[in-house]
Amino acid sequence: MHGEAPVPWYVTDGQGDSTETRGAIPQRWPALAVAAGVSDSVDGYYDTLHSHLRSRLRTEIREVSEAEDVELLRTERLLQAVEAAVDDVSDRRSDLAPPDGMDAPPAFTAGEVVEVALRDQAEALRELIDHLTRRVAPNLRAIAGPRLSARLIEEAGGLQRLARKPSGTVQVLGAESALFAHLQGRGTSPKHGVIYTHPAVRHASHADRGAVARMLSGKLSIAARIDYYRGSPDEEFIADVGKRLREVRT
Amino acid sequence: MSDLPEGVQWRQFGGRQRLATRGDPVYGEPVDAEGWRVWDTNRSKVGALLETHGDPGFEPDSGVLYLGAATGTTVSHLADMGLLVYAVELSAYAADALLEVSRSRPRLFPIIADARHPARYAGTVEADLSWLIQDVASAEQAQIATANRRFLADDGMSMIFIKARSIDATASPSTVFADVEAELTDTYEITARVSMDTTHEDHRAIIAKVR
């Protein structure tokens, strides 16, 4: 078969897919590991292999979820573009002539056909966002819902960046133009950015809105940090925040 | 009822006899008072095969290379039976589930790798294994089985689940099965063919020994 010397995992330190091992023929690794003094016994070898492979799996999970937050960010941007296109077509659909050589029922104009297709696209993207936020940011999703979670991650440029932002920045994400205008001495400081879409903020009285936005952005920051650094839902934290938000509303 | 391998039993669940192994539950399956958990044969082709045809010749402590482990349902039951299982799965999205099922199973070895490139895990998976079990959704199912022959002992066996639709969704399943078998015959001698249609449509199991 192959002439190259095989390299076991315990020599390559888990880099089993490195070019060194290409063409390798499997060997009786447990016996070889014992003979070479790498393991005391065959059972000991298997125990080491088991824990080694499981820790490699953890690394792979981490890499996948890092890739998923980028996918989420791109999906959110694409959805925003599709939504803008839906609005655009919807405003002008009566202007568009019936499709040329297309078998649409006479009642449908080209604009309507395009609009339906775009709405389907938007719906598919929303479903993808729903799925991705469940995996990437379960805590954020529990507090902000899938769409706002995606908006926040998109505005921040990824989950890691969101997790590292101070909560005051999270509060005004998406309101950069107002913030910079304020910093240049024009206008008041913005109370909220994209978190305005959260019902707790939107339904708060005008006087309370800033305080609610400040509280909410604090919780969202913590949620993003749990999602980034731990990755699993913290039920206790989610329940606490839910309670705080209900108190605010009454 | 046919013979079962060691570590698998018929147990009573909700008034009916079901296949079960003993170990930590992993996919919400029922568990009885003595710790036996149902092997859901609708979710596991190996389970379905054992249920209908009995023991294919699994010896306790034998080594198995399982290609296409997915979220680990089948490999968890094989590990419960006392088999040593190298579980290879292509999709890193399955890693969460494999991490979970391997936690309480010290002889279940999860590997995220592409079964089309066995050289990449030849430094991890040992030689002279007794079984190759393959359940992959790839158009190259015959080539994969051939390339992974290197892990089997000279008296090793393979159990190959062929998914006709993954190979050619337009050809008739019987043509696809015949083509796959023709490709396998250089490396393996086919000893049994089993239709899986009752639980898995357009699937066939092939049992073969190393040539």
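Filter the stretch A:119-144 down to the residues that are among the acidic types (D, E) and touching a Pro at 6+ places or on another chain (Cβ under 8 Å) and list them by number.
Answer for the stretch A:119-144, where residues must be among the acidic types (D, E) and touching a Pro at 6+ places or on another chain (Cβ under 8 Å): just A:D130.
When the residues of the stretch B:138-160 are filtered to those that are among the polar types (S, T, N, Q) and under 17 Å from B:V46 (Cβ atoms), which remaining residue is surrounded by the most Cβ atoms within 10 Å (Cβ to Cβ)?
B:Q141
Within the stretch B:87-126, track down each residue that is facing chain A (nearest Cβ under 9 Å), at pLDDT 95 or above and assigned to a strand (DSSP E or B).
B:L108, B:F109, B:P110, B:I111
What is the residue count in the stretch B:18-33 for residues that are touching a strand residue (DSSP E or B) at 6+ places or on another chain (Cβ under 7 Å) and either touching a residue at least 12 places away in the same chain (Cβ under 8 Å) or among the hydrophobic types (A, V, I, L, M, F, W, C) (or both)?
10
Out of the stretch A:26-60, which residues are outside any helix (DSSP H, G or I), more than 7 Å from chain B (Cβ to nearest Cβ) and surrounded by fewer than 19 Cβ atoms within 10 Å (Cβ to Cβ)?
Correct list: A:A36, A:G37, A:V38, A:D40, A:S41.
Are any residues in the stretch A:184-208 of a type in the set (S, T, Y) and free of Cβ contacts under 8 Å to residues at least 24 places away in the same chain, and if so, which ones?
A:T188, A:S189, A:Y196, A:S205
Could you tell me which numbered condition A:E68 fails, if it satisfies all but one of (1) at pLDDT 90 or above; (2) surrounded by 15 or more Cβ atoms within 10 Å (Cβ to Cβ); (3) closer than 26 Å to A:L132 by Cβ?
Every listed condition holds for A:E68 apart from (1).
Residue check, B:S166 against (1) within 14 Å of B:A137 (Cα to Cα); (2) touching a strand residue (DSSP E or B) at 6+ places or on another chain (Cβ under 9 Å), all met but one. Which one?
Result: B:S166 fails condition (2) only.
Are any residues in the stretch B:66-94 among the acidic types (D, E) and over 13 Å from B:Q134 (Cα atoms), and if so, which ones?
B:D80
Among A:A213, A:A224, A:A175, which is the only one that is closer than 27 Å to A:E71 by Cβ and in contact with a helix residue (DSSP H, G or I) (Cβ under 6 Å, 6 or more places away or on another chain)?
A:A224
The values are calculated or read from the model by the stated rules, or taken from the named source; none is laboratory data. Bear in mind the structure is a predicted one, so any value in this text is a computation, not a measurement. Counting neighbours? That spans all protein chains shown, and the Cβs are built from the backbone with ideal geometry, glycine included.
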